[in-house]
Each structure stands twice: as structure tokens, then as C-alpha cells.
4 protein chains.
Amino acid sequence: MHGDDTDRTYERAGWGARTPRGSRPAVVVVDLTRGFTEPEFPTGSDLTDVVAATGDLIAAARESGAPVLFTTIAYGPADVEGGACAWLRKAPGLGILRAGSELADLDPRLPRQDTDPLIVKKGASAFFGTDLAAMLVTLRVDTVLICGATTSGCVRASVVDAVQSGFDVLVPRACVGDRAAGPHDANLFDIDAKYGDVIDQDDALAYVRNPTATGAVVP
Amino acid sequence: MHGDDTDRTYERAGWGARTPRGSRPAVVVVDLTRGFTEPEFPTGSDLTDVVAATGDLIAAARESGAPVLFTTIAYGPADVEGGACAWLRKAPGLGILRAGSELADLDPRLPRQDTDPLIVKKGASAFFGTDLAAMLVTLRVDTVLICGATTSGCVRASVVDAVQSGFDVLVPRACVGDRAAGPHDANLFDIDAKYGDVIDQDDALAYVRNPTATGAVVP
Amino acid sequence: MHGDDTDRTYERAGWGARTPRGSRPAVVVVDLTRGFTEPEFPTGSDLTDVVAATGDLIAAARESGAPVLFTTIAYGPADVEGGACAWLRKAPGLGILRAGSELADLDPRLPRQDTDPLIVKKGASAFFGTDLAAMLVTLRVDTVLICGATTSGCVRASVVDAVQSGFDVLVPRACVGDRAAGPHDANLFDIDAKYGDVIDQDDALAYVRNPTATGAVVP
Amino acid sequence: MHGDDTDRTYERAGWGARTPRGSRPAVVVVDLTRGFTEPEFPTGSDLTDVVAATGDLIAAARESGAPVLFTTIAYGPADVEGGACAWLRKAPGLGILRAGSELADLDPRLPRQDTDPLIVKKGASAFFGTDLAAMLVTLRVDTVLICGATTSGCVRASVVDAVQSGFDVLVPRACVGDRAAGPHDANLFDIDAKYGDVIDQDDALAYVRNPTATGAVVP
């Protein structure tokens, strides 16, 4: 998206390789809560298509028994009135995402099961200050498919942490969304070049349904 | 940079507030190593201006005794031949940044002192898998000025982790650089909107020289 | 407690120094939940004296405005039925500490305020997989007083992480407790030798009431 | 070791269960550096037997291709003269473990290969402020055997972090050592009750040689 010069520079630097895929994927759904998926909230936009595509991916994961994990951002009085969250000093608008409010509720169109982890986070990354990495290790996961919102915020931060944490990372393009097109595209460019493969929904569905039959590479 | 629609959307979401500044800043210099600052290396580009501006900021930090910390990316046989680093599976081009090679050496134009920490990292963020946060806590730092390269890679990742870790974050625009203009601009946009203030060099110099005299806000 | 040989060996190794104290302490109350403080629960013992001493320390902290933070262990269906927590594979007895149950409730004798953080954790350390360190940084804390239960479990693990995270650590002896005397004593020995000062209640109260007047060392 | 009352209390609390074992073990060798294994250094004691047993375990790991990872504690001028490490404020005696000195060198009797990671750490835990967990994830490890010194210090801290990170933990009794018997025994008691199985050397050797043939439980 950034032009031919950038393409040549990135090719020279060795960016844009494809990542291997393991035999134990998990789907991580970042912040598809009503505060992000419903346009009437200031922090939200209409993510109906992203929610639908993520629902399809979750259904595919159930077929192979791949774990599905969800996150929500939810702040309490300690964070908002108590001043215990530095991010809210820079991003005070997020303070409306109160624990217990409908904005922090998972989008009800998503088929969460009772035993799917729901991780409450206070930062951008699903990994920072949470036990997500430990859960993925416990569940013997080697590859994560990251879905959710927003592409330029919590998805980007979670993708970077996922590969830093040792997981191979896939981002199904249909399963991530943002409130603005420019940052969405710019961050998918960075992600695909550097951190994880941005892939089509058909590819994602086939892989999750049958991880060992679709080119899975077990190092 | 993304147009009027994005501006309106971001204003509605409450992005773009200014961050407070504490009385104990530190300068964190991310990956200004020869592999990134010299254009003859595939991973590099000519960052002469960034190195000069960062040198000026370091000199200002010496005046007030503000800590200065450096990072370098350096991979060993365990990472490259041993396969112990997942990021190298997606970004094999980084494997030329070998520990002990000139690419992993700090740019010699930077005035590092013997007691300035030099943190060796394997990921994008200066904080991930390192003791940087612990060092900043030990040194009683409350605000970090992040310099270095690349804006769209290790700087962006470090900025996100810094504010998640509880620090207020400033990014002096003259002190960060990238090998390509599009990703540089797109990431400064995200940073300034969401994670830390992108500021002018004069502002950065004045603040670091005298943190308690230039509007420092101690919560 | 381990005899003269150990004393001589530890003196030679340089263990047992006293730690400095900063000007911004916080009180961290680890797992003083009903599941640990009430003897009728299998995981519990009668910690009435520990709760009372910790309540006194919290009251002293209110006088100086020092932050007070609490933790609770609370497992959900993902952890217990879903198998997402490795510690429960080794310590299945902890699985009775269910989120929403009275065992996960803070001991009601403790004077928690609405803006005091209550951190939900799944591991032994109050820092692991939580945003406790980030909160302490955000609140500009430099020294932590760790209270709670059990001395040989979550207190020990939290003390080690606190000093690793860059904080100076104090453990008021009256404010920590265990279900068995042997492990309690052995762990206080390790803590005082290596990680933080085990101190008397009078000392703790005086320090927290007026951190800058009682020998606080600001590095 | 703490008497019948403690035994009964621990049984009631559900401590002491045996942990499952996975099909992908790794051997993590904590701080078997000359500063700890040679009695002429103030921080050291004669750990000849521990080094020999660990060498045998490493040889067994080579048979199955199980990864072997090493740690060393090594402080630089930033830590010692620069004051950037809080643990050295409590434990100044560790400051003799200087980077580049013989005390920070791995015990030469250990058969380290060039592609075995050697992780430099500043804290007690092999996981804290390092990329050890990320490496283990990248290498698809599910179970860690922790060896090294000292039992009451860095081994204990590493064991707690390992299980918190999602790994099942085994501690071969012959492969860990301490400078004093009391803390050694007390910490093995805590570890076996709560965090990982303390096992015999024969059991460890057989498991590492053939992880899938000796009762490995793959969740």
C-alpha cells in the first residue's frame, strides 16, 4: 500500500516471508465486545461482518477441538477514578469501557462456550498483564489465529506479542476490523510484512478444521 | 494523514489526548545499531539525522542526570541455527544481526557511557523478554522518551509496551527513523493518537534538561 | 533457623543486607480471601491475627495516602473444567477457589475501598500474569510492603517478583501467615536473607504513616 | 520434613499431587556457573555431584533430541555501579558475578553445545526478564526438568515461574544443590508439595531418553 519504493526496500530487508503453521492452533478473539462492535458507542463501529466471519472461524475450530479464547477490556474504579492505569492518561476515551457495563460485554452474536477463557485486560495487547501466554502453553498451542478489533490497536499489539512469545501467527483478513480504513490497511501491511501472515478466510477455515492436513509444518 | 473521516472518527473515540509528564524521565534508544543506521546493510538505511538528534537528546539528559538506556538486537547460534526464536521464522532477514558482528554494534556516533544499560533483545519491543521495565523501576523513572529505529517496528512495539508498563511516553519526532516513509508516517499517527505524544525536538530537549520546570505533572 | 553453619555460609555469601526504603510505598495484600483466612475451608487456616495486623497497616497507609492493592485467586470453568491452568494440574486442591464463590471473596474484616485495585490471579505470584507491576509504576510506587497468605506460597512468590521488578520489599512479620509453622519459618528465613526485609509491625506502621520521615532512602 | 501436623495440613489442602508429563521435555540448567559450583568463591560451594548428575541428564537429553538450555547470572557496570538492579540493593554480595569474569562462566564440566541457548539473567528466576518462556514455546516444549543452583534461590524461583508459565515441572533431586542443607531441604519440600515433582535420577534419565514411552501424558 505504500508504493514501489517501500516494496523494494522491504524485499531487500527480507520482510514478507510466510510463517510456518503448527499442528495445534488456537483462535484468539480480541475485544469483540459491544463497545467496539456497535456503532452507537463512541469507541465502536459497525463490525457486523467481522463478527460473522469470526463466528464462522470459531465454528470451524470446534470441529477440530482447537481452543478458542476471548478478551475484553474492562476498567474499574481503581483504573478510572483511582488513576492506576497509565494508558487511560493518554487515552481517557477508553474509560467508558467499564467493567459490568454493556460495552465490556462480548458481542452476543459470538458463540462463546462456558469453558472458553475470557481474559480481562487493561492494555492494548491481549498478552500484556494477562495469563494468555500461560494458557496457550498449558493447552499445548503452537499457532494462533488472531481476530478482533481494532486492527490498528489491540490486534496489532497482540500479534506482535504473540510472535514474540514464540507462537506462529495468522491473521484472517475477514476477521479483523477497525473504525477507520487508513490505519486498518497500514497495520495489516506491517503485520503481514513483519509479524504474521494475513490470510484469506477460506485458508483460515480449512487450516483450523484440519490443522495436520493442510500443510502444517511441525518444527 | 488518513483524511478527514479518520480525524472525525478518532475525535469521537477520544483519541489524541496529551499525556502527562513526570519528574523522572529516561531516554530509551531502541536499536540504533549499525545494522539499522548504515544503508549498506540490507536491514539498514541512512539514519544520520536520527543519530545526530538522539545524540543531542542524550547530551541534554546528561545535564539533568536522566538515565539513558540502549538496546541492540543480536542473535546467536541458538536463535539462528537452533531455531529458538519464532520471530526469525517470520522474519528470517533479521538473522544477519548476529551477536558479535558489526551489525549488532551500537552506532559509534552515539555517546554511550559505561554505566548506561545496553539491553540485548530478540524481539521487536525493548521490553519483551528483557529487564528494561525492571531497570526503569529501579531507577525511579516515570516517563520515557523513546528514540530509535524503526518507527514501524521496534519503536512502535516499545512505545506500546512502555505505556502498558505504566510509564508516560514521549516520542521526539526527530529521534525516530525508518527505512520507508509510508510506514514511518502511519505509525507516528497511531502512536500520537493512542500511546504517547509525538513531540518536537525543542520540546524534548527542554523537558529532559529540566524535567521539573517545564510543566511536569507529578500525579 | 537452620543453625550456625548456615549462618556462617550466608554471611560469607553476602546475604542478609538491609534494603533501602523509598518515599512512595504501597501495601500489597496477597490472597487474604476467605478460602485462606477461614479454617473451615480445606485451603484455609485461622488467620485472624494476620487479618487484624494487615488492617492496622492499611489504616496507617490511609494516613499518608499510600496505595493499597489486593489480590484474590479465582478460577473459572476454563481453568478447572477447560484445563487452561497448568498449576491446577499439580495443585488440583486449589480448584475449589472458584470465581464467584465465598472462598474467593476478600476477608470482610479488611477495609478495602472502592478505588483500591483488586487483582484476580491464577498463579502463586501476585505479579505473574497480572498488571500489578504496571499499576505500581503508574502510581509511582518505589517500595512494597507485602502482606497476606501463605508465606510459603503466594507471599514468597510475590516477594521474589517484587524485587525482580525493581521494587524494594518489606514484609511485616505480623501481616503474613501460613497454614503450617515449618514452611512459614523457612520461607521468612529465605525472604529476609535474599529478597526483602522481614520487619516488625511497629517499624512497618511508622514507615507507612510517614515514609519520608523514617529513614527513607531515595536513590 | 516439617512433622506430622504439616503433613496432615497439606494433605487436607490437597497439596502433593503428581504432575503429568508431556511428550516434549527440555532440560533447563540454572546458574551452574563457576561462581556457584566452586567453593573458593564466596557465592559458591562444592557442587561436583550436582554438575555430574546434570551432565548425565544432558547426555540423556541428547539421545532423544530434547532441548537443553542454560542460564548464567552476570552483572555489568550499569547494574553494579549504575544502580539499575534492585536485587543488588538487597543482595550486594551477588555483585561479584560480573559479566566477563570467570564467576559468570558456565562450569566447564558441563557439555554445552553451540546451539544450546545461554540466557543471561539478572534476577532469581530464569524466566524473569528473559526470553526463556518464548524459547520454550518456539521449541514446542511442554515439560521442563529444572537443574542447577541454588535450590533455595534461583531453582525455586524458576520452578514457580515454569508452572505459572504453563509448563509441567520436574526437579531431579540429584541435579539441584545449595550451599546450605536446611534451605535446600525446605525448598524441595515446598516445590514437591506445590509446584513440580521432585524425582529420582533414574526416573529423570528414563523419561528424557524416551519421553513418549515412559508414561507421558499428553493433555
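Across the identical copies, the label point of B:Arg12 (7 Å from Cα in the Cβ direction) is separated from its matches by 4.2, 6.0, 7.3 nm, in order from shortest. Inter-copy label distances at C:Thr212, shortest first and taken from points set 7 Å along Cα to Cβ: 0.9, 6.6, 6.6 nm. If you sort the three axes of the alpha carbon gyration tensor as a ≥ b ≥ c, you get a/c of 1.5 or more for the range B:27-95 and a/b no higher than b/c, which makes it oblate. Expressed to the nearest 5 percent, the antiparallel share of DSSP beta bridges inside chain C is 5 percent. How far, in nm to one decimal, is D:Gly95 from itself in the other copies if the label point is set 7 angstrom along Cα toward Cβ? Shortest first, please. Its label point is 4.3, 4.3, 5.0 nm from the equivalent points in the other copies. For the peptide C:156-163, the mean number of other protein chain Cβ atoms found within 10 angstrom of a residue's Cβ is 6. Averaged over the residues of C:8-18, the number of partner chain Cβ atoms lying within 10 Å of the residue Cβ comes to 6. Taking a ≥ b ≥ c as the square roots of the Cα gyration tensor eigenvalues, with a/c under 1.5 meaning rounded and otherwise prolate when a/b beats b/c, else oblate, which class fits the protein assembly as shown? In terms of gyration-tensor shape, rounded. DSSP assigns beta bridges within the protein assembly as shown; of those with both partners inside it, close to 5 percent run antiparallel.
The two copies B and A are related by a rotation, and the chain B beta carbon nearest its axis, with distance in whole angstrom, is B:Ala186, 2. Residue-wise HN-Hα couplings along the range D:44-57, as the Karplus relation 6.51 cos²θ - 1.76 cosθ + 1.60 with θ = phi - 60° gives them from phi, are x, 8, 7, 10, 3, 5, 5, 4, 5, 5, 5, x, 5, 5 Hz; Gly and Pro carry x.
Could you estimate the translational diffusion coefficient of the range B:152-212 from the Stokes-Einstein equation, with Rh from the Kirkwood formula over C-alpha pairs, at 37 °C and 0.692 mPa s, in whole µm²/s? For the chosen part, D equals 273 µm²/s. Measuring spread by the Cα atoms of the range B:96-157 yields a radius of gyration and Dmax of 12.6, 36 Å.
Taken residue by residue and averaged, Cβ atoms of other chains lying within 10 Å of the Cβ of C:177-188 number 5.
Taking a Cβ cut-off of under 12 Å around A:Asp197, the surrounding Lys, Arg, Asp and Glu residues balance to a net charge of +2, with basic ones at +1 and acidic ones at -1.
By the gyration tensor of its Cα atoms, with a ≥ b ≥ c the square roots of the eigenvalues, what is the shape of the range C:1-128: rounded for a/c under 1.5, prolate for a/b over b/c, or oblate? Taking the square roots of the gyration eigenvalues as a ≥ b ≥ c, the range C:1-128 is oblate. Computed over the alpha-carbon pairs of the range B:25-209, the distance histogram in 10 Å steps reads 10, 41, 38, 11, 1 percent, short to long. Among the cysteines of chain B, those with no neighbouring cysteine Cβ under 4.7 Å are B:Cys85, B:Cys154. The gain in end-to-end length when the A:Asp114 to A:Asp185 segment is fully stretched comes to 22.2 nm, 0.36 nm per residue minus the alpha carbon separation.
Taking a straight line from the alpha carbon of B:Lys122, these lysines sit under 26 Å away, with near neighbours fewer than eight places off in the same chain left out: A:Lys121, A:Lys122, A:Lys194, B:Lys90, B:Lys194, D:Lys121, D:Lys122.
The numbers here are math on the coordinates, done by the rules we state, and not lab data. What you see is a predicted model, and the numbers here were worked out from it, not measured in a lab. A quick note on method: Cβ atoms are made from the backbone with ideal geometry, for glycine too, and the neighbour counts reach across all protein chains shown.
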